[in-house]
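See structure below.
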């Protein structure tokens, strides 16, 4: 049986948010898609997220920073 690892370690998303001085709430407030604090926290700490949630985070951080990000810049898994 091929079980995927759920905990993948701190993600690049966390470092980008730290550099920019962003908190989880900043992404939640910027999201137009109903992103939650818990989803952002899981994303930062490496809990495997669905592509849909990853896309929401990418959109929110891109909007918050004015920089266009791609999934592979924020997460080191697919």
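The values are calculated or read from the model by the stated rules, or taken from the named source; none is laboratory data. Note that the structure is a prediction, hence the values are computed from the model and not measured. FYI the Cβ positions are ideal-geometry reconstructions off the backbone, even for glycines, and counts take in every protein chain you see.
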Residue 13: touching a helix residue (DSSP H, G or I) at 6+ places or on another chain (Cβ under 8 Å), buried (at least 17 other Cβ atoms within 10 Å of the Cβ) and assigned to a loop (DSSP other than H, G, I, E, B), yes or no? no
Inside the range 25-46, can you point out the residues that are in a loop (DSSP other than H, G, I, E, B) and under 16 Å from residue 77 (Cβ atoms)? 45, 46
Between a residue in the range 18-37 that is in contact (Cβ under 8 Å) with a residue 24 or more places away in the chain and any residue that is outside any loop (DSSP other than H, G, I, E, B) and exposed (fewer than 14 other Cβ atoms within 10 Å of the Cβ), which pairs come within a Cβ distance under 7 Å, given they are 6 or more apart or on different chains? 28/37
Scan the range 16-30 for residues that are under 16 Å from residue 70 (Cα atoms) and in contact with a helix residue (DSSP H, G or I) (Cβ under 6 Å, 6 or more places away or on another chain) and jot them down. 27
Within the group 22, 49, which residue is more than 15 Å from residue 76 (Cα to Cα) and either modelled with pLDDT of 95 or more or in a loop (DSSP other than H, G, I, E, B) (or both)? 22
What are the residues in the range 46-70 that are loosely packed, with under 15 Cβ neighbours inside 10 Å and under 12 Å from residue 12 (Cβ atoms), if any? 70
